[in-house]
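The block underneath contains the structure these notes are about, expressed in structure tokens.
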Amino acid sequence: ACTTDDIVLLGYMLDDKDNSVKTQALNTLKAFSGIRKFRLKIQEHSIKVLELISTIWDTELHIAGLRLLNNLPLPDYVHPQLRRVMPALMEILQSDYILAQVQAVRLLSYLAQKNDLLYDILNCQVHSNFLNLFQPTQPGSLLYEVLVFAERLSEGRNAPHYRAVKWHYNEQSLHESLFGEESRLADRLLALVIHPEEDVQIQACKVIVSLQYPQDLRSRPSSCQPSRSYFK
């Protein structure tokens, strides 16, 4: 039977010089992470896993590491490291490897729900063509996850406690790409409302609603007024 000693051994394998060995160890840890008694022990390797995916550009390693992280509850003490690796996660999201992109955006969507990380995500620098991720030609699996991410960001930035602070974003930030005055997100969303995959259609509509009506207004339909006219 497997024991915590096996988890410790797999942890040592994460320091192996061979990336394929690291990847194999990550995949095995992912398998073990489904067993409750091992989860806390595996959590101890979270910072190491984040370090690996942010310092080694290897798609298989990224997929394995991100799958593991997405299968674990990430404790608050990992948040400082998460801030440091945010640019790497954003780069993986903007790569051309669908499986890695899907895993990266799932993790980012989870982190976007953490109040102390939301600004770091929104202010993260992205490529000028970031909105290409919302093109109808993207695989449905990626489109859906990117739309979930956009909805969570939209809801997070519209939350009263977030709006209570005057945040400043850099010009190349994710915030400006998605929600800035020059953003073309509205055009992308309208094109996705007629996407052939129903879950993509529905999620695109959810993002549109979250952009038009902040969450606190949606609970009071009679007083709903668009916070800003994205869709004229």
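The values are calculated or read from the model by the stated rules, or taken from the named source; none is laboratory data. Every value quoted in this text rests on a predicted model; they were computed, and no experiment measured them. FYI the Cβ positions are ideal-geometry reconstructions off the backbone, even for glycines, and counts take in every protein chain you see.
Are there any pairs, at least 6 apart or on different chains, whose C-beta atoms fall under 8 Å, with the first in the range 93-110 and within 15 Å of residue 59 (Cβ to Cβ) and the second assigned to a helix (DSSP H, G or I) and of a type in the set (Lys, Arg), and if so, which?
Filtered contacts from the range 93-110: 103/67.
Count, please, the residues in the range 1-56 that happen to be of a type in the set (Ser, Thr, Tyr) and assigned to a loop (DSSP other than H, G, I, E, B).
Adding up the residues that qualify gives 2.
Kindly establish whether residue 68 is part of a helix (DSSP H, G or I) and under 18 Å from residue 152 (Cβ atoms).
no
Hey, any hits in the range 7-21 for a residue that's of a type in the set (Lys, Arg) and either closer than 19 Å to residue 78 by Cβ or outside the structural domain of residue 57 (by TED's automatic domain parsing) (or both)? Show your work before the answer.
Quick first cut of the range 7-21, residues of a type in the set (Lys, Arg) only: 17.
With the extra rule that they be either closer than 19 Å to residue 78 by Cβ or outside the structural domain of residue 57 (by TED's automatic domain parsing) (or both), the set shrinks to none.
The answer is no, given that none of the residues of the range 7-21 is of a type in the set (Lys, Arg) and either closer than 19 Å to residue 78 by Cβ or outside the structural domain of residue 57 (by TED's automatic domain parsing) (or both).
Answer yes or no as to whether residue 64 is small (Gly, Ala, Ser), at pLDDT 95 or above and more than 14 Å from the chain's Cα centre (by Cα).
Values: small (Gly, Ala, Ser): yes; at pLDDT 95 or above: yes; more than 14 Å from the chain's Cα centre (by Cα): yes.
Yes, satisfied.
A quick yes/no check of all residues on (1) under 14 Å from residue 66 (Cβ atoms); (2) buried (at least 16 other Cβ atoms within 10 Å of the Cβ); (3) not aromatic (Phe, Trp, Tyr):
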{"position": "6", "(1), (2), (3)": "no, no, yes"}
{"position": "10", "(1), (2), (3)": "no, yes, yes"}
{"position": "19", "(1), (2), (3)": "no, no, yes"}
{"position": "23", "(1), (2), (3)": "yes, yes, yes"}
{"position": "26", "(1), (2), (3)": "yes, yes, yes"}
{"position": "32", "(1), (2), (3)": "no, yes, no"}
{"position": "44", "(1), (2), (3)": "no, no, yes"}
{"position": "52", "(1), (2), (3)": "yes, yes, yes"}
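Among the residues of the range 200-214, which ones are farther than 14 Å from residue 136 by Cβ, not in a loop (DSSP other than H, G, I, E, B) and not small (Gly, Ala, Ser)?
Residues satisfying the conditions are 202, 205, 206, 207, 208, 209, 211, 212.
Kindly provide the set of residues from the range 92-106 that are of a type outside the set (Val, Ile, Thr) and either assigned by TED's automatic domain parsing to the domain that holds residue 55 or crowded, with 24+ Cβ neighbours inside 10 Å (or both), ordered by number.
If the condition is that a residue be of a type outside the set (Val, Ile, Thr) and either assigned by TED's automatic domain parsing to the domain that holds residue 55 or crowded, with 24+ Cβ neighbours inside 10 Å (or both), then 93, 101, 103, 104 are the ones that fit.
Are there any pairs, at least 6 apart or on different chains, whose C-beta atoms fall under 6 Å, with the first in the range 113-130 and at negative phi and of a type in the set (S, T, N, Q) and the second surrounded by fewer than 18 Cβ atoms within 10 Å (Cβ to Cβ) and at pLDDT 95 or above, and if so, which?
Taking only residues 6 or more apart or on different chains, the pairs are 123/169; 125/172.
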